[in-house]
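The structure under discussion appears below in the form of structure tokens.
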Amino acid sequence: MAYDKNNIFAKILRGEIPCKKVYENQHVLAFHDVNPQKKIHVLIIPKGEYTNLDDFTERASEKEIVALIKGISDVAKKIGISEKNSGNGYRSLVNIGENGGQEVPHLHFHIFGGEKIGKMVS
Ligand code: 5GP
């Protein structure tokens with residue numbers, strides 16, 4: 001699937017629509033989900049144009065891949081949900097494609113915390 005430059009996260013990255021930013025570096029941006037499913041619900045996205053995880057692992061540089069994975073952990077620590085700072089832990093997941101339930105065609109990891117997240121898959 002070709003990357004859609006007008007998807008909502010591309011617009012957030014270009015600053016065309018606002019987001020509640022929690023973390024940013026050269027390779028990633030993290031912001032609060034507009035429709036939180038748990039007490040804390042943050043999304044982290046690569047700044048590059050990648051439709052999903054498979055596209056990312058095929059085309060991204062090792063630096064970008066490391067930055068995204070490390071970013072999940074850095075965000076969790078920054079917003080106080082990591083076990084490291086007694087936030088009792090969190091869940092991160094990524095939806096891929098139609099069967100995975102992906103709605104926005106720009107790779108994003110969800111980060112849930114602040115309460116027990118519950119059943120893994122419903
Ligand atoms: P997906 O189903 O693709 O894995 O998740 C997409 C997520 O993006 C959903 O949790 C949805 O609430 C969130 N989302 C959709 N549009 C916006 C938006 O404009 N701003 C923010 N911050 N989140 C959005």
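The values are calculated or read from the model by the stated rules, or taken from the named source; none is laboratory data. Please read all numbers here as calculations on a predicted model, not as lab measurements. Don't worry about glycine lacking a Cβ; one is built from the backbone with ideal geometry, like all the others, and counts go over all protein chains shown.
Within segment 68-90, can you find the residues that are among the hydrophobic types (A, V, I, L, M, F, W, C) and within 12 Å of the chain's Cα centre (by Cα)?
If we filter segment 68-90 for residues that are among the hydrophobic types (A, V, I, L, M, F, W, C), which is where we start, we get 68-69, 72, 75-76, 79, 81.
Within segment 68-90, 68, 69, 72, 75, 76 qualify.
Specify the residue that is farthest from residue 115 (Cα to Cα); the eligible residues are those in segment 35-50 that are within 11 Å of the ligand (Cβ to nearest atom) and surrounded by 12 or more Cβ atoms within 10 Å (Cβ to Cβ). Walk me through how you get there before you give the answer.
Here is the first cut: in segment 35-50, the residues within 11 Å of the ligand (Cβ to nearest atom) are 35-38, 41-43, 45.
Checking the rest, the ones that are also surrounded by 12 or more Cβ atoms within 10 Å (Cβ to Cβ) come to 36, 38, 41-43, 45.
Numbers: 36: 13, 38: 7, 41: 11, 42: 14, 43: 17, 45: 23 Å.
So the residue we want is 45.
Please tell me if residue 90 is among the aromatic types (Phe, Trp, Tyr), modelled with pLDDT of 95 or more and farther than 17 Å from residue 12 by Cβ. Spell out the reasoning first.
Working: among the aromatic types (Phe, Trp, Tyr): yes; modelled with pLDDT of 95 or more: yes; farther than 17 Å from residue 12 by Cβ: yes.
It is true that residue 90 is among the aromatic types (Phe, Trp, Tyr), modelled with pLDDT of 95 or more and farther than 17 Å from residue 12 by Cβ.
For residue 12, state whether it is at negative phi, touching a helix residue (DSSP H, G or I) at 6+ places or on another chain (Cβ under 9 Å) and free of Cβ contacts under 8 Å to residues at least 40 places away in the same chain.
Numbers: at negative phi: yes; touching a helix residue (DSSP H, G or I) at 6+ places or on another chain (Cβ under 9 Å): no; free of Cβ contacts under 8 Å to residues at least 40 places away in the same chain: yes.
Criteria not met by residue 12.
In segment 107-121, what count of residues is obtained for those that are in contact with a strand residue (DSSP E or B) (Cβ under 9 Å, 6 or more places away or on another chain) and of a type in the set (Val, Ile, Thr)?
2
Select from segment 21-33 the residues that are over 23 Å from residue 116 (Cβ atoms) and touching a residue at least 12 places away in the same chain (Cβ under 8 Å) and write down the one among them that is farthest from the ligand (Cβ to nearest atom). Lay out the reasoning, then the answer.
Quick first cut of segment 21-33, residues over 23 Å from residue 116 (Cβ atoms) only: 21, 23-29, 31.
Going one step further and asking which of them are touching a residue at least 12 places away in the same chain (Cβ under 8 Å), we end up with 23, 25-29, 31.
Working: 23: 13, 25: 18, 26: 21, 27: 19, 28: 15, 29: 11, 31: 5 Å.
Among those that are over 23 Å from residue 116 (Cβ atoms) and touching a residue at least 12 places away in the same chain (Cβ under 8 Å), it is 26.
Look at segment 91-106 and say how many of its residues are over 14 Å from the mean Cα position of the chain (by Cα) and closer than 20 Å to residue 117 by Cα.
First, pick out the residues of segment 91-106 that are over 14 Å from the mean Cα position of the chain (by Cα): 97-101.
From what is left, the residues that are closer than 20 Å to residue 117 by Cα are 100-101.
Selection size over segment 91-106: 2.
How many of the residues in segment 80-122 are among the hydroxyl-bearing types (Ser, Thr, Tyr), within 16 Å of the ligand (Cβ to nearest atom) and surrounded by 11 or more Cβ atoms within 10 Å (Cβ to Cβ)?
First pass over segment 80-122, keeping only residues among the hydroxyl-bearing types (Ser, Thr, Tyr): 82, 86, 90, 92, 122.
Next, only the ones that are within 16 Å of the ligand (Cβ to nearest atom) stay: 90, 92, 122.
From the residues that got through so far, the ones that are surrounded by 11 or more Cβ atoms within 10 Å (Cβ to Cβ) too are 90, 92.
Total satisfying the criteria: 2.
Is at least one residue of segment 52-65 crowded, with 16+ Cβ neighbours inside 10 Å, aliphatic (A, V, I, L, M) and either within 16 Å of the ligand (Cβ to nearest atom) or modelled with pLDDT under 95 (or both)? Please lay out each step first, then the result.
Residues of segment 52-65 crowded, with 16+ Cβ neighbours inside 10 Å: 52-53, 55-56, 60, 64.
With the extra rule that they be aliphatic (A, V, I, L, M), the set shrinks to 53, 60.
Narrowing the set further to residues that are either within 16 Å of the ligand (Cβ to nearest atom) or modelled with pLDDT under 95 (or both) leaves 53.
Yes, segment 52-65 contains a residue that is crowded, with 16+ Cβ neighbours inside 10 Å, aliphatic (A, V, I, L, M) and either within 16 Å of the ligand (Cβ to nearest atom) or modelled with pLDDT under 95 (or both).
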